[in-house]
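J.: Before anything else, here's the structure in question.
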Amino acid sequence: MNIPKKFLINVVEPPITSFPHYASPLSLIYGYENAKKWFCNSYVNLYTDFRHLGNGEIKFRQELVMNYCPFLRFGAIDDYRYLTDKDITIDKLKNILCNNYALAINIDRYYIPSINKKYHLIHCVYLYGYDDEKEEFYISDFASESGKFIFTTVPYNAMQEALGIVKNSEYTFKNTSKKFFINLYGIHDSEYNFDIKQLHHKLKDYYNSENTIDCVEMFDFYKMDDKVMWGLGVYRWLIEYMTVIKRESRSNIDIRPIYVLLDHKKAMLIRINYLQSENYIHNHDDLKQEYNMLSYRLSILLSLAIKYNATKKIEILDKMISLVSNVIDLDRNATCHFIHSIST
């Protein structure tokens, strides 16, 4: 098969960036106007698994049903032998890409040029293009010194090294027994009709700490298990998580759940602007002010978490717990206001 010397899937800055499995797929589809409408109907509810208090995470419900995204075709290659020959690795990756499939793959981040080479870490990156003239792949990841989500490049020879160490290492991965995998993301536009009644339903679920909208059997245990908290209920997990850290003097707070909460408020503001443009909503200025205030308070919470991790002062945890209680009230009021502002 003759493939082009350069191929690049269009990517845009994603609307949320708390985790790569949110940011990278959204960066692939968010350039489509229809995908923006889909986003405003999605990423509404949150959940966390109370069965794992010590290492639980706040997540978007959307990740449970991402396989049903109308703008992506999902596939996977989990054959460990697929990239064992370093001489043909580059061509195989290029063949996948030029068929308009972005791919997610575990590599050793040590070999990414934009990262300070301090230690080896196996991590999933997303490839969305290549350039034979420059001999490099285009990737997206949290591959910067600041830890922010960026689009960057990896030379072909560095990619071979980064994959080779994965293949030969004794690393184990959190969600799979395999040391190697490729997830495929076929990108395409699709018709999508915004559903204001569906959004209204999802907002009520968030407000009531429920998940009543899914009908996929494989996710029933998430719906029914009282250890899984939904919507506003995730704050209860966050308070208990910080209480455990305080009681057991744990070393650090995981700040990623706070980033998800910040992304959630950003998503709310994006959909408020969309609803305003389509005349679905009234009193939008007051509503935006409420969500901007929530974002501000959560930014303070993030700053306190970073300060605690640096100082380990218990009084900072007390401030954080008190602040979360205040954020719960603000979020409850804002969600109630949002629900009643919608014209269905």
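Quick note: the coordinates plus some simple rules give every number you see, no bench work behind them. Just so you know, these numbers come straight off a predicted model, no measurement behind them. For neighbour counting, all protein chains shown are included, and Cβ atoms are generated from backbone atoms with ideal geometry for every residue, glycine included.
J.: Over region 196-341, calculate the relative contact order: mean separation of alpha carbon pairs under 8 Å at least 6 apart, over the residue count, as a percent. Mind dumping the intermediate values first?
T.: On the way: 118 pairs, mean separation 41.9, N = 146.
Computed value for region 196-341: 29 percent relative contact order.
J.: With respect to the cross-link table entries K6/K59; K36/K319; K37/K59; K148/K312; K36/K202, which display a Cα-Cα separation exceeding 27 Å?
T.: On the way: K6/K59 36 Å; K36/K319 37 Å; K37/K59 21 Å; K148/K312 24 Å; K36/K202 17 Å.
Beyond 27 Å between Cα atoms: K6/K59; K36/K319.
J.: Using modelled backbone amide H atoms (1.01 Å from N, in-plane), which distant-in-sequence or interchain residues come within less than 5 Å of T153's amide H?
T.: The answer is I139.
J.: A further question on this structure: Could you please rank W230, W237, placing first whichever residue has the fewest other Cβ atoms within 10 Å of its Cβ?
T.: Taking fewest neighbouring Cβ atoms as first place, the list is W230, W237.
J.: What are the ³J(HN,Hα) couplings of region 317-324, residue after residue, when phi is run through the Karplus curve with 6.51, -1.76, 1.60 and θ = phi - 60°? Round to Hz, x for glycine and proline.
T.: Couplings: 4, 4, 5, 5, 4, 5, 5, 4 Hz.
J.: List the residues whose amide H sits under 5 Å from the amide H of L46, counting only those 5 or more places along or on another chain, with H placed 1.01 Å from N in the peptide plane.
T.: R61, G231
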